[in-house]
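Read through the structure below, which is laid out as structure tokens, and then see the notes.
The values are calculated or read from the model by the stated rules, or taken from the named source; none is laboratory data. Everything numeric in this text was worked out from a predicted model, so none of it was measured. These area figures cover heavy atoms from the full protein model, side chains too; ligands, DNA and RNA do not enter into them. Shrake-Rupley method; radii C 1.70, N 1.55, O 1.52, S 1.80 Å.
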Amino acid sequence: MTATGTDIVGLDRIAVYEALRVVELAQEEDWERDTPCAGWDLRRLVAHMAAQHHGFAAAARGAGRDRAYWREPEDMGEPARTHRAAATAVLAAFAEPGATEREFALPELGGSFPGRTAIGFHFIDYVVHAWDVAATLGTAPDLSDDVLDIALVVARLVPTDPVGRGPGFAFAPARDVPQDAGPLDEALRLLGRAPERWPVKGR
């Protein structure tokens with residue numbers, strides 16, 4: 001999924017912390033806003049993010065096949081707090097010695113994957129979700145070019161077969177990429193997002 005020498009755990013931590021930062025920018029009136037994830041308001045998107053964190057944390061510890069860990073929280077009265085608790089759990093699980101060498105069962109992806117590959121999936125998901133939340137709020141994620149370059153490498157490895165894209169799958173069908181697209185724009189478009197529909201305020 002990523003180059004052998006890449007610190008995928010460190011990169012994932014950066015993406016998760018940025019997603020935390022932008023989620024915590026949300027005010028009470030923002031939770032019902034539409035997001036780039038069709039049909040989901042911000043509260044529902046953050047519930048999904050929390051569920052994925054708990055599911056990946058369970059997978060890192062050998063319990064990923066238990067779908068109970070992948071369920072969205074029932075109580076989303078305080079979305080940012082719920083999301084922070086979930087993010088803390090997954091960062092702790094990924095930081096455990098040997099996490100990258102374990103097999104992660106990821107039922108939503110139909111099987112088990114080596115730890116480095118699975119954490120790579122989580123990394124690209126949280127680069128994209130950090131953008132999703134930021135875009136919902138009219139701002140942009142703050143991720144370095146080094147992080148975005150690796151995110152693009154991972155995004156280019158995600159299969160584009162239409163059979164595995166669209167409703168019910170992790171990503172929408174890939175979109176055309178303009179020649180002048182930067183790494184974040186290209187990664188977003190490859191994973192089905194339409195960044196031109198979500199302008200940053202003040203630009």
Once a ≥ b ≥ c are taken as the square roots of the eigenvalues of the Cα gyration tensor of region 53-97, is the result rounded (a/c under 1.5), prolate (a/b larger than b/c) or oblate (a/b not larger than b/c)? oblate
What helices does the chain hold that run 15 Å or longer along their axis, going by alpha-carbon atoms, with a Kyte-Doolittle average of -0.5 or more, using DSSP H for the helix calls? 8-23, 42-60, 79-95, 115-136, 145-157
Which whole-number value in Å² is the accessible area per residue of the chain, probe 1.4 Å? 50
Could you give P(r) for the chain, binned at 5 Å from zero, as whole percent values over all Cα-Cα pairs? 1, 8, 16, 20, 22, 18, 10, 4, 1, 0
Going by a ≥ b ≥ c, the root eigenvalues of the Cα gyration tensor, does region 53-129 fall in the rounded group (a/c under 1.5), the prolate group (a/b larger than b/c) or the oblate group? prolate
Tell me which residues come under 5 Å, amide H to amide H, from L106 once H is placed; ignore anything under 5 positions away on its chain. G111, S112, F113
Out of L190, L45, L157, a Gaussian network model of the chain with alpha-carbon springs under 10 Å gives the largest mean-square fluctuation to L157
